[in-house]
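J.: Submitted below is the structure of interest, expressed as structure tokens.
The values are calculated or read from the model by the stated rules, or taken from the named source; none is laboratory data. In this text, all values refer to a predicted model and were calculated from it rather than measured experimentally. Backbone-built Cβ (ideal geometry, glycine too); neighbour counts: all protein chains shown. Just the protein is used for accessible areas: all its heavy atoms, side chains included, with ligands, DNA and RNA removed. Shrake-Rupley method; radii C 1.70, N 1.55, O 1.52, S 1.80 Å.
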Number of protein chains: 2
Amino acid sequence: MSITKKATVFVRLKDGVLDPQGVTIQKALAQMGYPDFLSVRSGKFFELEIDGNASDIDRKINDVSSKLLANPIVEKFTVEKA
Amino acid sequence: MSITKKATVFVRLKDGVLDPQGVTIQKALAQMGYPDFLSVRSGKFFELEIDGNASDIDRKINDVSSKLLANPIVEKFTVEKA
């Protein structure tokens, strides 16, 4: 049976990978009068709506996450289903 | 009393604001053999570590979210505390 499901894929840089955007934001905050922000790490997420049967959907989300949404060399992803 | 807290700020485009990145990803997925992804919306998030006292921290996070992390014209943000 085909259903429509929502899922969110969160993409983060792997631990140890430098995050220039986060570093820049952290420095900007300090200059703007917010020195208390000790660390900023940036990431992205994708809200997906997907058609299919339940078992297919999980596999497809993992497929597209590792193929297109995240770069597995430097990024890791997690999936949260609605 | 000063404490260190973690929080994540999620930034999304407001409803109705066109998301070219999401549209492009959705089309790319269809061409890659995944036509079942009906919609893709992209967003970003920032993982923060912040020093301060509890009441200050909330105010500061809201301040920097609307001043630097999100563009309130086209984006909205939500805060999740660890």
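J.: Considering (1) facing another protein chain (nearest Cβ under 7 Å); (2) open to solvent by 10 Å² or more (accessible area, probe 1.4 Å), say which one A:Phe37 fails and leave the rest.
T.: So the condition that A:Phe37 fails would be (2).
J.: Can you tell me which residues in segment B:23-57 are under 21 Å from the mean Cα position of the chain (by Cα), within 15 Å of A:Ile61 (Cα to Cα) and either β-branched (Val, Ile, Thr) or assigned to a helix (DSSP H, G or I) (or both)?
T.: B:Ile25, B:Gln26, B:Val40 - these are the residues of segment B:23-57 that are under 21 Å from the mean Cα position of the chain (by Cα), within 15 Å of A:Ile61 (Cα to Cα) and either β-branched (Val, Ile, Thr) or assigned to a helix (DSSP H, G or I) (or both).
J.: Which residues, taken from segment B:1-21, are at the interface with another protein chain (Cβ under 9 Å from one of its Cβ atoms) and open to solvent by less than 40 Å² (accessible area, probe 1.4 Å)?
T.: B:Thr8, B:Phe10
J.: Scan segment A:63-79 for residues that are touching a residue at least 60 places away in the same chain (Cβ under 8 Å) and farther than 18 Å from B:Val23 by Cα and jot them down.
T.: From segment A:63-79, those touching a residue at least 60 places away in the same chain (Cβ under 8 Å) are A:69-70, A:74-79; that's our starting set.
Correct list: A:Val74, A:Glu75, A:Lys76, A:Phe77, A:Thr78, A:Val79.
J.: Which number in (1) within 23 Å of B:Ile61 (Cα to Cα); (2) within 12 Å of chain B (Cβ to nearest Cβ) marks the one condition that A:Lys60 misses?
T.: All conditions pass for A:Lys60, except number (1).
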